[in-house]
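First up is the structure itself, then whatever we jot down about it.
No lab work stands behind these numbers, since they all come straight from the coordinates. Keep in mind it's a predicted model, so treat the numbers as computed, not measured. Glycine gets a Cβ as well: all are built from the backbone with ideal geometry, and neighbour counts include every protein chain shown.
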Amino acid sequence: MGGFLSMGGHGAYIWPAYGIAVLALGGLLLWSLWSRARVQRELQARGLDRRARRS
């Protein structure tokens with residue numbers, strides 16, 4: 001297991017890169033969900049929400 005984590009001596013560079021990538025993707029996911037919710041609230045307030053028109 002130690003050999004896998006050290007990745008031939010490059011683990012000190014690889015694992016932080018993976019961590020940064022996961023943080024960036026997680027941040028983009030949260031930002032997208034927040035933006036989607038904000039837009040839906042704005043559309044609902046204006047009566048333009050698709051769900052409101054169907055009922």
Worksheet item: Distance in nm between label sites at residue 32 and residue 49, each 7 Å beyond Cα in the beta-carbon direction?
Response: 2.2
Worksheet item: Which three extents, in whole angstrom, do the alpha-carbon atoms of the chain cover along their principal axes, largest first?
Response: 60, 16, 9
Worksheet item: On a 0 to 90 degree scale, rounded to 10, what angle separates helix 11-46 from the longest Cα axis of the chain?
Response: 0
